[in-house]
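In what follows, a structure is listed as structure tokens, so that the remarks can point back to it.
The values are calculated or read from the model by the stated rules, or taken from the named source; none is laboratory data. A quick note: this is a predicted structure, and the numbers were derived from the prediction, not measured. FYI the Cβ positions are ideal-geometry reconstructions off the backbone, even for glycines, and counts take in every protein chain you see. In case anyone asks, the SASA skips ligands and DNA or RNA and just uses the protein heavy atoms, side chains included. Shrake-Rupley method; radii C 1.70, N 1.55, O 1.52, S 1.80 Å.
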Amino acid sequence: MCGIWAIFGSDQDVSKKIPSCLKIRHRGPDAFRIENVNHFQNCAFGFHRLAIMDDLQGMQPYRVHKFPHLVLCYNGEIYNFKLLGEQMGFDYETGLDGECILHLYMKGGVEFAAAHLDGVFAFTILDTDKRQVLVGRDTYGVRPAFRTSSTDGFLAISSEAKGIVDLSNGSTNTKLKLEPYPPGHVSQYAVDEAGKVSLDFDKQFHGVGQAPRYTTRIPELVPSPEDNVRLLLTEAVRKRMMGVRRIGCLLSGGLDSSLVAALVCKVAKEMKLGYKIQTFAIGMDGSPDIAAARKVAEHLDTDHHEVSFTAQEGLEAIKEVIYHNESYDITTTRASVGMYLLSKYISTKTDNIIIFSGEGADEVAQGYIYFHKAPTPEDADIESRRLLSDLYLYDNLRADRTTAAHGLELRVPFLDHQFTSYYLSLPAASRQPQEGVEKHLLRSSFTGLDLIPDDILWRPKEAFSDGVSSKKKSWFEIIQKHFEKTISDQDLASASKTYPENTPLSKEGYYYRQVFESYFAGQAHLTPYMWMPKWIGATDPSARTLSHYKESDVEKPTITGKDED
């Protein structure tokens, strides 16, 4: 997890734009560098480093002696860099995983390079020989990237919107419109003799459900879908164990985080990692997540940490959360508070830097409760793919920003290319909820292994923003009650005039939008719609408002296997 920043074609002295680069310094607390490039005086690169690989030679902007005309700035992890070196005969100069991006680019161009990366990434390359700027981002947008440009040849790239939101170019000083760089795409820009840039192409190199174009670590699968699901998820965890910093796990006690934590512990023992894995849970008084996570941690024998927060502490964090998330989506904000506070604890109280989580499982494996109401298997499949396509705007955004705000690097094995492409290739009906249980195929794949307790393996879905609070007083109800008092009826009544784009419909939503506009005025399009369950006519995204919501048995004295409706 690092922060990248680059500008090209600036009409002003680039040093005057540098303060914007410092707004993303939280992403890389270990070191930073800002520099321009010889003979390209109206461009500059900025980099904030979180040192994970090659502490000595891994600083960026990055160059190697073999390709002195290339300048690379990237954020991410490339899990197959060693395999690529062996297969393609690359002579690496450093131990940095991202060096392979330069070798791949020189071998086949920017699309070839991006398509052969097994990992998560956002990168910018300046090719000074060809006078081109190349940009790319991973399939699911696990690593963030934003861009803005003007008709007079200015281009800016940043890991977060806050790094370029205040930039302008030319004498008008007019702010530019930002956009998230699209996942699974690459771009090429031409740089003229005056340093001005123009877009040559935007091109998709990989999409949701498509098989990897690179050689995978598991080239041959077996007939059993359950065996393959287990095999591929385990390998997805294993390849993500690289790095020199301490590894820990977020643990809510739900299926997804519990499976990931269990596999991390299993692989860590095989690797003889040398330290006990630490797990982290957060909740308010009476939180079902705390109880469930404790049970899993005891089963796995982890060094477990429980963090408690009050309603007031949660409410006070909301403004910071919106700033870091760069979003005013309601469910994203609610779910981010606990993760933001937990990340703060991990950063300040422990030496863990690499953090595993269960993000992406609900989208891949149809884990949201509303999937029970899908009209047909085909409808459920379409919705699953749509959610995966939009992850970078919602859950991936939340997961990245709440951890990066505190200098942590999140790793998400459920969004592994080979795992997701295989899972989505299975018959649509087999991926639907079965016997009243969501993610039935995923659960069945780990049945009978004692990897995690059976009641956790079959624990019903609990949204993170719900699970951190008690059943008697849900987090979303606490928030709604608070903003009922702080936002006036008159403000809400005039919301369509104040915010004609994506008009807030509740006082909670009005407050979130108000805070967002104070930081990112005129950028409402960064949240294109409010995340909401489908097919059920929901008016609130909380799972606890849905008729199919089921209470977990984890906190009860008598534990049974699968929960019953």
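Things worth noting here:
- Nearest-ten-degree value, helix 99-108 long axis tilted from longest Cα axis of the chain: 70 degrees
- Quick note on segment 200-338: its Rg to Rh ratio, both from C-alpha atoms and Rh being the Kirkwood radius, is 1.05.
- Spatially proximal aspartates and glutamates relative to LYS16 (Cα-Cα < 18 Å; intrachain offsets below 8 disregarded): GLU35, ASP166
- Where GluC sites (Glu not before Pro) fall in DSSP loop in segment 378-443, at most 16 other Cβ within 10 Å: GLU435
- Based on C-alpha pairs under 8 angstrom that are at least 6 apart in sequence, segment 330-398 has a relative contact order of 42 percent.
- Taking the chain and dividing mean pair separation by its residue count, relative contact order in percent (alpha carbons under 8 Å, at least six apart): 14 percent
- Dipole magnitude of the chain, debye to nearest 20 (Cβ charges: Lys/Arg +1, Asp/Glu -1, about Cα centre): 740 debye
- Cα shape, segment 259-324, gyration tensor, a/c 1.5 rule: prolate
- Surface composition of the chain: carbon plus sulfur atoms contribute 50% of the solvent-accessible area (1.4 Å probe, protein chains only, all chains present).
- Positive-end extreme of charge dipole, the chain - chosen from LEU441, LEU255, LEU415 (charges on Cβ): LEU415
- Given 12 as the ceiling on other Cβ atoms within 10 Å, longest exposed-site-free region of the chain for chymotrypsin sites (Phe, Trp or Tyr not before Pro) in DSSP loops: 1-274
- Distance violations [Cα-Cα > 32 Å] among LYS17/LYS497; LYS66/LYS196; LYS239/LYS349; LYS23/LYS439; LYS107/LYS269; LYS203/LYS373: LYS17/LYS497; LYS23/LYS439; LYS107/LYS269; LYS203/LYS373
- Remark on segment 121-192: ratio of C-alpha radius of gyration to 2.2 N^0.38 Å is 1.13.
- Sorted on the mean count of surrounding Cβ atoms within 10 Å across their residues, most packed first, peptides 329-337, 63-71 read 329-337, 63-71.
- Amide H contacts under 5 Å for HIS304, placed H, 5+ residues apart: THR279
- Each pair of Cα atoms in the chain enters the Kirkwood radius, and Stokes-Einstein at 4 °C and 1.567 mPa s then converts it into a translational diffusion coefficient of 53 µm²/s.
- Remark: relative contact order (segment 149-266) = 14 percent; criterion is Cα-Cα distance under 8 angstrom and separation of 6 or more residues.
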